[in-house]
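The values are calculated or read from the model by the stated rules, or taken from the named source; none is laboratory data. Here the structure is a predicted model, which is why all the values come from computation and not from measurement. Every residue, glycine as well, gets a Cβ built from its backbone with ideal geometry; the counts of neighbours run over all protein chains shown. Areas reflect the complete protein model, heavy atoms only, side chains present, ligands, DNA and RNA absent. Shrake-Rupley method; radii C 1.70, N 1.55, O 1.52, S 1.80 Å.
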Amino acid sequence: MSPYAMSMLMSSLAMGTIITLSSSHWFLAWMGLEINTLAIIPLMTKMHHPRATESATKYFLTQATASALLLFSAAMNAWMTGEWTIVNMNSYIPTTILTIALAIKLGIAPFHPWLPDVLQGLDMMTCLILSTWQKLAPMALLILTSHQLNTSLLTLMALTSAIIGGWGALNQTQMRKIMAYSSIAHLGWMTLVISFAPGLALLNLTIYLMMTSSMFVMLMALNATNMNKLSISWLKTPTLAASMMTGLLSLGGLPPLSGFLPKWLILQEMTKHHLGALSAVMALSALLSLFFYLRLSYMISMTSPPNISNANLAWRKKNNLSLINPILIVLSTMLMPITPMLLM
């Protein structure tokens, strides 16, 4: 793709998200989401492959449906209340339609089936953008309207997302599909707490963005798209393989890594609201996710392919990592010391 076209598309992506984040009017927010959708579709189809075209088509249809539902809910709310402001959603039907529209945009279960299929047909850089940057605008709208949304519906979707996100990745071997189900599971945790403590949902989103970005950057550096390629990464780049193992355990939520911090605080918040049974089910669903993260960690660190080379030293890949990768790795694994500051 031409650098000029790429710069224009990336600028449009940034502009669409900024318009949505800075708007207080539903029409402006919808316009920002549409700019976002239209800007990423050429990035999806730059591979000139049938799978990429299929992914772009699926993404366009689901996002168009979600945008139509969002505009419909905003118009219905304006008809009932006479206002187009985002923070004034008081009617039951518009808020329910809005919740469904944002769930489709984010890929929250039961509106999740498009996400693994779309990610599987794209290259790693586009997957990174789709899993991180494209979550910002819908999640901002969800946080802005969280005090007016149906808590029971959000809790049901959160529980479904956490279970499906863990269950769906158990039999996957493709890294892009595994990261898609990981995204669904993390979105479930954010959706669960968003009605009770939007600040915690924002913290969870921030840590999720850092962990997912570092994971995709490491996958791009290793050129690993499935589990078999991960198993030979230790011979090529031992340091990066060790960092990836730590990042995977952080995604799984093991202490004392960064991924444990939001889960711990969310379960603490749920028990404060006397939702012990729900907290127990969410904690058990996290074990499903932890299983496939541990399986990937085992593949990276404790398995090695048969060595058919006569050389004594294994071949080492040239280190072409940028400065951003070590920073992301440190942030996605070592944020637990800031917990007392957050609790205060």
Residue-by-residue Karplus 3J(HN,Hα) for the stretch 128-144, coefficients 6.51, -1.76, 1.60, Hz, glycine and proline x: 4, 5, 5, 7, 10, 4, 6, 7, 5, 5, x, 5, 5, 5, 5, 5, 4
Estimated FRET transfer efficiency (HIS274, LEU235; beta-carbon r; R0 45 Å; 0.05): 0.30
Picking from SER250, ALA197, LEU149, whose Cα lies most toward the positive end of the charge dipole for the stretch 131-286 (charges on Cβ: Lys, Arg +1; Asp, Glu -1)? SER250
In degrees from 0 to 90, rounded to the nearest 10, what is the angle of the helix 151-168 Cα long axis to the longest principal axis of the chain? 20 degrees
With r as the distance between the Cβ atoms of TRP79 and MET336 and R0 = 45 Å, compute the FRET efficiency 1/(1 + (r/R0)^6) and round to 0.05. 0.40
Apply the Karplus curve 6.51 cos²θ - 1.76 cosθ + 1.60, θ = phi - 60°, to the phi angles in the stretch 207-214 and return the couplings in whole Hz, x for Gly and Pro. 5, 4, 4, 5, 5, 5, 4, 4
Computing the accessible area with a 1.4 Å probe over protein heavy atoms, can you report the carbon and sulfur percentage for the stretch 3-343? 71 percent
Given labels modelled 7 Å from the Cα in the Cβ direction, how far is it in nm from SER91 to TYR298? 5.4 nm
Taking amide H atoms as placed 1.01 Å from N in the peptide plane, list the residues 5 or more away in sequence, or in a different chain, whose amide H sits under 5 Å from that of ASN226. MET175
Can you give the relative contact order of the stretch 3-343 as a percent, counting alpha carbon pairs under 8 Å and 6+ residues apart? 15 percent
Rh (Kirkwood, all Cα-Cα pairs) for the stretch 3-343, Å, reads 20.8 Å
For the stretch 139-174 versus the stretch 68-87, the gap between their alpha-carbon centres in whole angstrom: 23 Å
Residue-normalised accessible area of the chain, expressed per residue, 1.4 Å probe, Å²: 44 Å²
What is the total of Lys pairs in the chain with C-alpha atoms under 28 Å apart, excluding same-chain pairs fewer than 8 positions apart? 26
